[in-house]
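Right, one structure below, let's go through it.
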Amino acid sequence: MAVQSLVLKSLKSDIFSVGLGSDYDGISDVPEGLEDASKYPVLVAELYKRGWTKYELAGLTGGNLLRVFEGAEKVSRELQAAGQEPAYDLYDKRKDIPHLEF
């Protein structure tokens, strides 16, 4: 729980910019007690005990992601209305995706 405690303290610093993810690709270590998504209920319960509101917990568990996606969709609509073509750039460090020219 020591590592979890550090994670919990850092989460509260900017709760509207945080979300949970369990795709630990590319890392060799994970925080003890947060090895995978099955541990999230324990994390949420601990945050609740530490005074997080249901609104803060809702943001952490999906609301923040939905808010960011709403913003991305808005920008997408604006770019489409302006006639902007999509960018098909790929992150050059991804070796598992074929790099095709469009």
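Against the conditions (1) surrounded by 11 or more Cβ atoms within 10 Å (Cβ to Cβ); (2) modelled with pLDDT of 75 or more, Arg77 satisfies every one except (1).
Output the residues belonging to the stretch 82-102 that are charged (D, E, K, R) and farther than 25 Å from Leu20 by Cβ. Result: Glu85, Asp89, Asp92, Lys95, Glu101. Take the conditions (1) at pLDDT below 85; (2) open to solvent by less than 40 Å² (accessible area, probe 1.4 Å); Tyr24 misses just one of them, which is (2). Residue pairs whose Cβ atoms lie under 6 Å apart, separated by 6 or more positions or on different chains, with the first residue in the stretch 41-59 and more than 16 Å from Ser17 (Cα to Cα) and the second in a helix (DSSP H, G or I) and open to solvent by less than 60 Å² (accessible area, probe 1.4 Å), are Val44/Leu57.
A single entry from Glu32, Glu56, Glu70 fulfils the requirement of being of a type in the set (D, E, K, R) and under 30 Å from Pro86 (Cβ atoms): Glu70.
Being touching a Phe, Trp or Tyr at 6+ places or on another chain (Cβ under 7 Å) and either among the β-branched types (Val, Ile, Thr) or under 27 Å from Phe16 (Cβ atoms) (or both), is that true of even one residue in the stretch 68-81?
Of the residues in the stretch 68-81, the ones touching a Phe, Trp or Tyr at 6+ places or on another chain (Cβ under 7 Å) are none.
Within the stretch 68-81, not a single residue is touching a Phe, Trp or Tyr at 6+ places or on another chain (Cβ under 7 Å) and either among the β-branched types (Val, Ile, Thr) or under 27 Å from Phe16 (Cβ atoms) (or both).
The values are calculated or read from the model by the stated rules, or taken from the named source; none is laboratory data. Since the structure is predicted, the reported quantities are computational estimates derived from the model, not experimental observations. Ideal geometry is used to build each Cβ from the backbone, glycine not excepted, and the neighbour counts take in all protein chains shown. The accessibility values were calculated without ligands, DNA or RNA, using every heavy atom of the protein model including side chains. Shrake-Rupley method; radii C 1.70, N 1.55, O 1.52, S 1.80 Å.
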